[in-house]
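Scroll down for the structure; my scribbles are underneath it.
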Amino acid sequence: MKTVGILGGGQLARMMILAGAPLGLRFRIYDPSPEACAGQLAPLVTGQFDDLAALQAFAASVDVITFDFENVPAASVAALSALRPVFPNAGALAVAQDRLSEKQLFQALGIALPAFADIDSLATLQARVAEFGMPCILKTRRLGYDGKGQFRIRSQADIGAAWQALGAQVDAVGLILEGFVDFDCELSVVAARNAAGQFVAWPVTRNWHVDGVLSASLAPCGLPAAVQERAVAHARAVAEHLDYVGVFALELFHCDGTLLVNEMAPRVHNSGHWTGDGAQTSQFANHLRAGLGLPLGDTAVLGVACMLNWLGQMPEAAPVLAQAAGFWHDYGKQPRAGRKVGHANFRTDDAPAMARALQQVGQALGREAQVAPLLDALSVA
Ligand code: AMP
């Protein structure tokens, strides 16, 4: 029986554990916080991600290592890789940890993306804003997530304000300026690759964000097959270039038939949570299969599937549980403003049945605004 070590003990680790039990796997979790929610399901070792001695002791207690948190320092990943197989590999993590290097990779692979520039001073920022035009977005290169570490520049006055907000971090995490994309919709490709080179992708997912944080996902996305095939081809090119093993997500903007890649996440992804109940094989199961050298499972969507994220605190469960289509996921976390505390998945045979289920749940929970974009998308599907 193999033991999988997971660096980071949040909801992603928790869902990997749930998916790994039928494979006969055991798990150990490493996280700085004794409260990490995956620790409710598997032994939790507390330690910092730069504590090499503690990480090495953790590695000695497991057979293979993966991540639910991708910002483990490169030196720590290198030390772990010398002791145990680590997936995804250190090189892939390093690229995905830095918005600049991932964009340079997309560019080298011929994948279209928004205008971008490395920013090292206020003068560079001013020059690049003049070049890109407004609006544009200043982001930290490293350690940003869920819209954190980002500043939208809409006016001349915003340039100084953006530098005020993020300039102090330029040496520690780097900064990047991006052209603003007036997208029709946001998409993601969640895909998996194993060491034998088998590559699979779930149907392209359509995503809605509120304040930079994922609010809802829907699959299939309803866009023409040719667009979806192009998105998946981009994901495949990235995975093959990085010799990637495991699940990752490629986030894209769709504008009038054009696809622009935003970023990649080197791990199971929030926009793939629907696969837990709405696909033949979940992203969590395929991530583990990939890392253990097993064949990857079928990624077909079972009809129509969607996900609603619960932020801050869990809503009442009954209206979701009362639906034949509904699946409830409570991460066992303490409520906190903006925190991802759970989600609901829905799976139906067709779009009208999904619309009915979502309408009822939206009304019962007072979340009409959260389900409204899904209802719109389903009515044209
Ligand atoms: P990110 O952390 O880069 O995934 O950004 C979070 C969200 O902010 C994205 O999902 C988009 O909704 C929005 N966003 C980020 N970058 C851009 C951009 N260049 N143009 C338009 N919207 C963006």
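The values are calculated or read from the model by the stated rules, or taken from the named source; none is laboratory data. The structure displayed is predicted, hence computed values, not measured ones. Cβ: placed from backbone, ideal geometry, glycine included. Neighbour counts: every protein chain shown. Note: areas computed on protein heavy atoms with side chains; ligands, DNA, RNA excluded. Shrake-Rupley method; radii C 1.70, N 1.55, O 1.52, S 1.80 Å.
On segment 224-335, 52 percent of the accessible area sits on carbon and sulfur atoms, based on a 1.4 Å probe.
Within straight-line reach of Lys2, meaning a Cα separation under 12 Å, sit the following aspartates and glutamates at least 8 residues removed in sequence or on another chain: Asp63. Plainly put, segment 173-242 has a radius of gyration that is 1.02 times its Kirkwood radius, both from alpha-carbon atoms, as the Rg/Rh ratio. By the Cα gyration tensor, segment 54-206 has an equivalent ellipsoid whose semi-axes, rounded to whole angstrom, run 33, 21, 12 from largest to smallest. A 1.4 Å probe, protein heavy atoms only, puts the accessible area of Trp208 near 40 Å².
Just check segment 1-124 against the gyration tensor rule for me: Cα atoms, a ≥ b ≥ c as the square roots of the eigenvalues, rounded for a/c under 1.5, and otherwise prolate or oblate depending on whether a/b exceeds b/c. Display every interim value, and only then the final one.
Values: a/c = 2.15, a/b = 1.91, b/c = 1.13.
Because a/c hits 1.5 or more and a/b exceeds b/c, segment 1-124 counts as prolate.
Note on the chain: with a GNM built from Cα contacts shorter than 10 Å, the maximum mean-square fluctuation among Ser282, Ser271, Ser121 falls on Ser121.
Note on segment 139-187: with neighbouring protein chains present and a 1.4 Å probe, carbon and sulfur make up 47 percent of its accessible heavy-atom surface.
Legend: residues Tyr145, Tyr30, sorted from most to least accessible area (1.4 Å probe; ligands, DNA and RNA excluded), read Tyr145, Tyr30. The calculated pair-distance distribution of segment 1-42 uses every alpha carbon pair, bins of 5 angstrom beginning at 0, and gives 6, 29, 37, 19, 7, 2 percent. Look at the alpha carbon pairs under 8 Å that are at least 6 residues apart: their mean separation over the length of the chain gives a relative contact order of 13 percent. Cross-link partners of Lys340 among lysines, defined as those whose alpha carbon lies under 28 angstrom from its own and excluding same-chain residues fewer than eight positions apart: Lys103, Lys139, Lys148. Build a GNM of the chain with springs between Cα atoms under 10 Å apart, and of Arg289, Arg206, Arg339 the one that fluctuates most is Arg339. At an R0 of 45 angstrom, the distance between the Cβ atoms of Asp349 and Leu143 translates into a FRET efficiency of 0.60.
Largest first, the three principal axis extents of the alpha carbons in the chain are 56, 54, 40 Å in whole numbers.
Ranking His343, His209, His329 by solvent-accessible area of protein heavy atoms (1.4 Å probe, all protein chains present), from largest to smallest, gives His209, His329, His343.
Leaving ligands, DNA and RNA out of it, report the carbon-plus-sulfur percent of the accessible area of segment 46-97 at a 1.4 Å probe. Show your work: numbers first, answer last.
On the way: 1170 of 2010 Å².
Carbon with sulfur: 58 percent of the solvent-accessible area.
For the options Ala130, Ala249, Ala233, a Gaussian network treatment of the chain with springs between C-alpha atoms closer than 10 Å singles out Ala130 as fluctuating the most.
Excluding ligands, DNA and RNA, the accessible surface per residue across the chain is 40 Å² with a 1.4 Å probe. Every helix of 4 or more DSSP H residues in the chain counts as -39500 (n - 2.57), and over all residues that averages to -10000 deg cm²/dmol at 222 nm.
Once the C-beta distance of His209 and Ala78 is scaled by a Förster radius of 25 Å, the resulting FRET efficiency is 0.15 to the nearest 0.05.
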